[in-house]
Amino acid sequence: MADALTERTTAPDRGPGPLWSLRVWRMTAGMWVRSALTYRASFAMMLLGNLAVTTLDFVIVALMFQHTDHLGGWAMPEVAFLYATSSLAIGIADLLVGSIEGLGRRVRLGTFDTMLVRPAPVLAQMAADRFALRRLGRPLQACAVLVWSLTAVDVHWTWDRVLLVPVMLVCGAVIFAALFVAGAAFQFWAADAAEVQNSFTYGGATMLQYPPTIFARELVTGVVFGVPLAFVNWLPALHVLDRPDPLGLPEAFHFASPLAAALAATVAWLAWRAGVRAYRGTGS
C-alpha cells in the first residue's frame with residue numbers, strides 16, 4: 001500500500017503543470033469561500049475581528065514611540081514602513097498558502113491519504129484546504145499602515161526606490177510562502193510540528209517589524225545567510241529609507257530579494273517533494 005500511495009502522490013504533481021495547480025487551488029479555495037459567505041454576518045464579524053487584532057499589533061508599536069523618538073535609530077514612520085511591509089508579505093502568504101500548516105494534523109489523523117487519491121496536485125489541495133478569507137484582515141490593515149508610512153517618511157524618492165517597494169512586497173510574500181511549504185514538508189517526518197513552522201513564519205514576521213539595529217549582529221547575519229528573512233524587508237528597506245547597513249554588506253544585497261525568493265521557493269519545492277515521497281500513509 002505504501003508504494004501505491006507514493007505512486008498516486010507523484011503522478012498528479014506531474015500533470016498539466018502550474019496552470020493546473022493554480023486551477024485546483026482556485027476551485028478548492030472558491031469552495032471554502034462560498035461556504036464562508038453562506039453566513040455573511042458571521043463572516044463579517046470574523047473579518048472585523050481579524051482586522052482588530054492585527055490593528056492592536058501596530059498600536060503596540062505606536063505606544064513605544066510615546067516614550068521615545070527613535071527605536072534603534074529609526075523614527076516612527078520608518079518603523080511603520082518595516083511593520084507594514086512585513087505584515088503585508090506574511091498576510092498575503094498566509095492568505096494564499098497558510099492553510100498548509102494543518103498538514104501535521106492530517107498526517108496524524110490519517111486524512112492526508114484522501115488527498116493522495118484525488119487527480120489533483122497535492123500541494124495545491126493543501127494550500128487551499130479550509131481557505132479562510134477572513135485572513136484578508138491582516139493585509140488590509142498592513143496596506144493602510146504602508147500608505148501612511150510612505151507619506152510620512154523623509155526620503156528622496158528615486159525610480160529605483162519606488163520600484164523596490166512592490167518588488168520587496170512580492171518577493172517577501174514568496175519567501176514567507178516558501179517557509180510555509182518547507183515547514184509543512186518537515187511535518188511529514190515530525191508528524192505535528194506546526195509550532196516550529198510558526199516560529200519561522202509568524203515569529204519571523206514579528207521580528208521584521210522592528211529595525212535590525214536592535215538585534216544582535218549574529219541574529220541579523222543568520223537571517224541573511226541562513227533563513228532568508230532579511231530579504232523580505234530589512235535589506236531592501238535599507239536602500240529605500242537610505243539607512244546604513246549594520247552588517248556592512250555590499251549594495252547588491254539590497255536588491256537581491258528576487259534571487260532570495262527564487263532560491264527559497266526552489267528549496268521549499270524540493271523539501272515538499274522529498275516529504276511526499278517519504279510519506280507512507282497510515283496503513284488503513
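The values are calculated or read from the model by the stated rules, or taken from the named source; none is laboratory data. A quick note: this is a predicted structure, and the numbers were derived from the prediction, not measured. Note that we place each Cβ from the backbone using ideal geometry, even for glycine, and neighbour counts take in every protein chain shown.
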Practice problem: Answer yes if at least one residue in segment 92-104 is more than 15 Å from the chain's Cα centre (by Cα) and among the hydrophobic types (A, V, I, L, M, F, W, C), and no otherwise. | Solution: yes
Exercise. Considering each of Ala132, Ala144, Ala80 in turn, give the residue that is buried (at least 22 other Cβ atoms within 10 Å of the Cβ) and under 24 Å from Val170 (Cβ atoms).
Key: Ala80
Practice problem: Scan Arg138, Arg118 and give me the residue that is of a type outside the set (A, V, I, L, M, F, W, C), more than 19 Å from Val181 (Cα to Cα) and either surrounded by 22 or more Cβ atoms within 10 Å (Cβ to Cβ) or within 24 Å of the chain's Cα centre (by Cα) (or both). | Solution: Arg138
Quiz item: Are any of the residues in segment 85-103 over 19 Å from Leu136 (Cα atoms) and part of a helix (DSSP H, G or I)?
Solution: yes
Quiz prompt | Exclusive hit being of a type in the set (Ser, Thr, Tyr) and closer than 30 Å to Ser35 by Cβ, set Thr111, Thr206, Thr158, Thr151 | solution = Thr111
Exercise. Can you confirm whether segment 267-275 contains a residue that is surrounded by fewer than 22 Cβ atoms within 10 Å (Cβ to Cβ), under 23 Å from the mean Cα position of the chain (by Cα) and not in a helix (DSSP H, G or I)?
Key: no
Quiz item: Which one is modelled with the lowest pLDDT among residues in segment 58-76 that are surrounded by 18 or more Cβ atoms within 10 Å (Cβ to Cβ) and part of a helix (DSSP H, G or I)?
Solution: Phe58
Self-check item: Phe253, sole failed condition from (1) in contact (Cβ under 8 Å) with a residue 12 or more places away in the chain; (2) within 27 Å of Ala120 (Cβ to Cβ); (3) part of a helix (DSSP H, G or I)
Solution: (2)
Practice problem: Could you grab the pairs with beta carbons closer than 9 Å, sequence gap of 6+ or different chains, first residue in segment 143-168 and over 11 Å from Pro77 (Cα atoms), second one outside any helix (DSSP H, G or I)? | Solution: His156/Asp242; Arg161/Val155; Arg161/Leu241; Arg161/Asp242; Met168/Val232; Met168/Asn233
Self-check item: Which numbered condition Ala230 misses (of (1) part of a helix (DSSP H, G or I); (2) out of contact with any Asp or Glu (no Cβ under 6 Å at 6 or more places or on another chain); (3) crowded, with 18+ Cβ neighbours inside 10 Å; (4) in contact (Cβ under 8 Å) with a residue 24 or more places away in the chain)
Solution: (4)
Quiz prompt | Verdict on Leu48 being aliphatic (A, V, I, L, M) and either closer than 19 Å to Ala132 by Cα or modelled with pLDDT of 85 or more (or both) | solution = yes
